[in-house]
Amino acid sequence: MSASTHGPADAADVRVLPPLLFLASIALGVVLGSLLPLRFHAGGGIRVALGVGAIALGVALAAWTIAWMRRTHQDPDPRKPTPELILAGPFRLSRNPIYVGMALVQLGVGVALGNLWVLLLLPPTLYVLVRQVVEREEAYLARKFGEPYEAYRRSVRRWL
């Protein structure tokens, strides 16, 4: 796809950095868990293994996506211009594979620590992510790429 001009308006109007959003949510969950414990201990070693597995899967998905973006000379920072649509690699599975990875990391941390606060904060974190990041990115990509983006949007799910 050809890119339009790269000016200040050639980017999504994203004001919340997704990694910081997820880190803040996890940190808040850990703090709340120490002040007002809301824990589950079921499963012990299996719970920890599942949590670590989710973290590893999330990190691997995010790393794969970032590597794919770098290979196509794109910046994963949602505030930067998108020169072309990426329709292959992890983007054939999800329109937001890095965010899926980040959500898996938060889920994994909550499970591994047995901290329900971290898990309970995931839905509001995803809500903020969708409203403040994803919807803004989607509007930008629709303006910039038109029908090719709309066709991609119809064929690939937002998450999984």
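The values are calculated or read from the model by the stated rules, or taken from the named source; none is laboratory data. These numbers come from a predicted model, not from an experiment. As a convention, Cβ positions derive from the backbone with ideal geometry for all residues, glycine included, and neighbour counts pool all protein chains shown. Surface areas here come from the heavy atoms of the whole protein model, side chains and all, with no ligands, DNA or RNA. Shrake-Rupley method; radii C 1.70, N 1.55, O 1.52, S 1.80 Å.
Per-structure values
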read-out: Degrees separating the helix 45-71 axis from the principal Cα axis of the chain, which is the longest one; value: 20
read-out: Among 96-108, 127-139, 29-41, the order from most to least packed when residues are scored by Cβ within 10 Å on average; value: 96-108, 127-139, 29-41
read-out: Ratio Rg/Rh, restricted to the chain and using Cα atoms, in which Rh is the Kirkwood radius; value: 1.03
read-out: Segment 1-107, accessible area per residue, ligands and nucleic acids excluded (1.4 Å, Å²); value: 56
read-out: Nearest 10 degrees, 0 to 90: helix 135-145 Cα axis against the chain principal axis; value: 20
read-out: CD proxy at 222 nm, helix term only [per DSSP H run n ≥ 4: -39500 (n - 2.57); per residue of the chain; nearest 500]; value: -19000 deg cm²/dmol
read-out: E147, E84, ranked by accessible area, largest first (probe 1.4 Å); value: E147, E84
read-out: Where D75, D10 fall by accessible area, highest first, once all protein chains stay in place (1.4 Å); value: D75, D10
read-out: Share of carbon and sulfur in the accessible heavy-atom surface of the chain [1.4 Å probe, %]; value: 69
read-out: Counted charge near T72, where neighbours are those whose Cβ lies closer than 14 Å (Asp, Glu -1; Lys, Arg +1); value: +2
